[in-house]
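Reviewing the structure listed below.
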Amino acid sequence: MLKIFSTQISGLFKKMIENEAFEMEDAGRLLAQAVVGDGSVFIHGFGEMQGVTAEALNGAEPFPKAKSYELSGTISREDRFLIFSRHSDDSEALMLAKQLKEKDIPFVAVSTSVPSEGDSLLELADVHIDLRIQRGLIPDETGNRYGYPTLLTALFAYHGIKFTLEEIIKEYEDDE
């Protein structure tokens, strides 16, 4: 099973590199505005995606100028947001996204795109990165699938954004 999972996750990462590379670069640029300016980068994960927030704040290599966002916290126009949720129609993530739009605060959303009749992070976010996890990765004997690695994939996207951001910051500092 682990070999099947490893092969499937590798294929998923490859698809993300092929299809989401420009979005990761755009995300890095958007978040760099706060990092090189007077803002902060608020990172908020919903559900299991709180693991990305923990990595960004407490990992071996913290995200530059990152802060955890409390839903009642104060924000300014110089701030940027990085939101992680399992699906693009997550109600809590949409609530935060709408508040950010009302305050004209740019943000990046990372989630699996799902069809939605209502609002979606795809339309609300300035940049959206699709995790592309529509179902479990491993088939079982009855035709069902399991192994739904949303957090693992979100961490992959997070690192892609972070590496891009760090390259942008380095270029900015070299030009000064």
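Candidates in region 94-125 are the residues that are touching a residue at least 40 places away in the same chain (Cβ under 8 Å) and over 12 Å from the mean Cα position of the chain (by Cα); of these, the one that is most open to solvent (accessible area, probe 1.4 Å) is 106.
Are any of the residues in region 26-41 within 18 Å of residue 153 (Cα to Cα), under 12 Å from the mean Cα position of the chain (by Cα) and part of a helix (DSSP H, G or I)? Within region 26-41, one or more residues are within 18 Å of residue 153 (Cα to Cα), under 12 Å from the mean Cα position of the chain (by Cα) and part of a helix (DSSP H, G or I).
Please go through region 133-150 and give me each residue that is under 21 Å from residue 21 (Cβ atoms) and surrounded by 15 or more Cβ atoms within 10 Å (Cβ to Cβ), ordered by number. Explain how you work it out, then say what you get.
Narrowing region 133-150 to residues under 21 Å from residue 21 (Cβ atoms): 133-134, 149-150.
Across region 133-150, the qualifying residues are 133, 149, 150.
Among what's in region 40-93 and is open to solvent by 50 Å² or more (accessible area, probe 1.4 Å), touching a helix residue (DSSP H, G or I) at 6+ places or on another chain (Cβ under 7 Å) and in contact (Cβ under 8 Å) with a residue 40 or more places away in the chain, pick the residue that is nearest to residue 26 (Cα to Cα). By that ranking, first place goes to 78.
Do any helices (runs of 4 or more DSSP H) entirely within region 89-176 hold 3 or more residues that are under 29 Å from residue 39 (Cα atoms), modelled with pLDDT of 95 or more and among the β-branched types (Val, Ile, Thr), and if so, which? Before you say what the answer is, go through the steps one by one.
On the way: elements: 91-102, 121-124, 150-175.
The qualifying helices (runs of 4 or more DSSP H) are 150-175.
Within 27 Å of residue 15 (Cα to Cα) and of a type in the set (A, V, I, L, M, F, W, C) - does that describe any residue in region 68-82? The answer is yes; a qualifying residue exists.
The values are calculated or read from the model by the stated rules, or taken from the named source; none is laboratory data. In this text, all values refer to a predicted model and were calculated from it rather than measured experimentally. Please note: Cβ atoms are built from the backbone with ideal geometry, for glycine as well, and neighbour counts cover all protein chains shown. Quick note on the areas: whole protein, heavy atoms, side chains included, nothing else; ligands and nucleic acids left out. Shrake-Rupley method; radii C 1.70, N 1.55, O 1.52, S 1.80 Å.
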